[in-house]
Amino acid sequence: MYSSDLPASGALVRRAVARASTPDAHITVSEAGPTSIDPSAHVVLALQPGPAGSVAPALAGMAHGKAVVVIEREATAIWDALDPQTWRPRDPGSRQPFVISVDARDEEHSLVLVLKRLAADAVLRAELSRNARAWWAMHHTPVQAAAAWRDVLREAQRLQPIPHPDRWP
């Protein structure tokens, strides 16, 4: 397994990559930043939240059509995700998983499982990549973001100002 561009998570990711490496399975791994995705990467690790806890790093990986691995947290818990302990969807009602969600309590072990499986299973990698790109295109393109902001601004215009108490500065 060849890894590149692994600065942020440091030792944990490096140990997981080393433990998952086998001579016959090769993938390129990149850590995601909102603007830094290695175009040659097969897998994007979006393990660190972006600014203010945003999911921008994961969305950047999806926009690039990569298999994306996230830490399960409030912002990602609603996503259709595979559980690397069972390789089943985390939510039984899940349609098409588009990320792999790692439990933070077992991050290194789960990450090793993920990397081994994705290195050996090009079909799963391709399926996750397609699903991630399709989900991003359906929900998070700049056009959709602009429309959502317009809705927020229209709602803000309709709201009455909050009354301030006497002696408000």
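Computed values, structure above
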| quantity | calculated |
| --- | --- |
| Leading residue by the ranking (nearest to S94 (Cα to Cα)) among those in the range 128-154 that are over 21 Å from the mean Cα position of the chain (by Cα) and open to solvent by 100 Å² or more (accessible area, probe 1.4 Å) | W149 |
| Hits in the range 11-38 - residues which are open to solvent by 20 Å² or more (accessible area, probe 1.4 Å), in a loop (DSSP other than H, G, I, E, B), over 22 Å from E74 (Cα atoms) and at pLDDT below 75 | S21, P23, D24, H26, T35 |
| Residues located in the range 86-116, provided they are among the basic types (K, R) and under 26 Å from H139 (Cβ atoms) | R88, R90, R95 |
| Residue within the range 97-111 that is without any contact (Cβ under 8 Å) to a residue 12 or more places away in the chain and within 19 Å of L45 (Cβ to Cβ) present | yes |
| Single residue of the range 84-103 satisfying the filter (of a type in the set (S, T, Y) and touching a strand residue (DSSP E or B) at 6+ places or on another chain (Cβ under 9 Å)) that is surrounded by the fewest Cβ atoms within 10 Å (Cβ to Cβ) | S94 |
| In the range 51-74, residue surrounded by the fewest Cβ atoms within 10 Å (Cβ to Cβ) [restricted to those that are of a type in the set (A, V, I, L, M) and more than 10 Å from the chain's Cα centre (by Cα)] | A52 |
| Which numbered condition A81 fails, given (1) without any contact (Cβ under 8 Å) to a residue 24 or more places away in the chain; (2) open to solvent by 40 Å² or more (accessible area, probe 1.4 Å); (3) among the aliphatic types (A, V, I, L, M) | (2) |
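The values are calculated or read from the model by the stated rules, or taken from the named source; none is laboratory data. These figures come from a predicted structure and were not determined experimentally. In this analysis, Cβ positions are derived from the backbone assuming ideal geometry, glycine residues included, and neighbour counts consider all displayed protein chains. The protein model used for the area step is the full one, side chains on, heavy atoms only, and it has no ligands, DNA or RNA in it. Shrake-Rupley method; radii C 1.70, N 1.55, O 1.52, S 1.80 Å.
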